[in-house]
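Just so it is clear, none of the values below were taken in a lab; they were calculated from the coordinates. From a predicted model like this one, the values you see are computed outputs, not experimental measurements. Neighbour counts are summed over all protein chains in view; Cβ atoms, including those assigned to glycine, are modelled from backbone coordinates with ideal geometry.
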């Protein structure tokens, strides 16, 4: 029960209230960009992930101050702190001061070849290093652990970039996040590598949905956008869940699939695929303004 209450208060209620209060300031001061309809919306909803992270961290220490043992799901997520904090920081920098002239892997690599490090390139390289740091801190055990570390690094970094590719329509990234989160939580629940009780798994689910609930009405209502700040953070979070719960043999096809999807996005528009499929289009448009 302590697990559920901790998740509810620190990972759901506090981020929800904080975002409800912050959006007024974001609406006045945050940079704006045109969405797919040409409507100007503010950027910065993704900052909810940093607020969620800080609240989670405070909650963990609050339990310790009360002499309550740290729940297993909290211990499981503690290594996420530098990864999500860094994803938020570099994503926000790219959202607010970034140059949008370079797009995709090719655009950033082409700029780097000319001696220019774009904000998008800086973000991807930095998240890559943060993913590597997370993998090494958790799994380094000599040269035999090198393959796992490389695969985990790739899974986290590629998931972060993948979610950014879905943040092109109101609500789309959050909907995809819910679907992938459901799969990730099933994997965590049956994994022999992560041992969580039923209460801990329920608390983890509640905590993972906190940032989405906090910004859903502003995102789907076309008031603001997640931006790289939110998309990269939620992608890194998903990548962490999959990477830490899957056995080594399963990480190999997942890494290959993520590479393939990210590279495919350089040539194919996901929005055009959704538009041509009736079921995908209905799911994508659900809840959105007419």
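Over segment 14-80, the alpha carbon radius of gyration divided by the compact-protein estimate 2.2 N^0.38 Å works out to 1.53.
No solvent, one uniform scatterer per C-alpha: report log10 I(q)/I(0) for segment 130-178 via the Debye equation at q = 0.13, 0.21, 0.31 1/Å, two decimals. Debye curve over Cα of segment 130-178, log10 I(q)/I(0) at q = 0.13, 0.21, 0.31 Å⁻¹: -0.41, -0.69, -1.03.
A Cα-only calculation for the chain places Rg and Dmax at 18.6, 56 Å. By other beta-carbon atoms within 10 Å, ranking 81, 166 with the fewest at the front produces 81, 166.
By other beta-carbon atoms within 10 Å, ranking 88, 11, 114 with the fewest at the front produces 114, 88, 11. Extension gain for the segment residue 129 to residue 259, taken as residue separation times 0.36 nm less the Cα-Cα distance, is 45.1 nm to one decimal.
Listing 244, 23 from fewest to most neighbouring C-beta atoms within 10 Å gives 23, 244.
Extension gain for residue 193-residue 40 works out to 50.6 nm (0.36 nm per residue, less the C-alpha to C-alpha distance). What shape does segment 178-284 take by its C-alpha gyration tensor, where a ≥ b ≥ c are the square roots of the eigenvalues and a/c under 1.5 counts as rounded, a/b above b/c as prolate, and the rest as oblate? It is oblate, given that a/c is not under 1.5 and a/b is not larger than b/c. Across the chain, C-alpha contacts under 8 Å between residues 6 or more apart give a mean separation that, scaled by the residue count, equals a relative contact order of 30 percent. Distance from the C-alpha centroid of segment 30-45 to that of segment 159-230: 22 Å, rounded to the whole angstrom. The slack between residue 58 and residue 140, meaning 0.36 nm per residue of separation minus the straight C-alpha distance, is 26.7 nm. With R₀ set to 35 Å, the beta-carbon distance separating residue 93 from residue 289 gives a calculated FRET efficiency near 0.75. A crude spin-label estimate for the pair residue 281 and residue 116, with each label 7 Å from Cα along the Cβ direction, gives 3.7 nm. Size estimate for segment 15-164 follows the Kirkwood approach: the inverse of mean 1/r over distinct Cα pairs works out to 17.7 Å.
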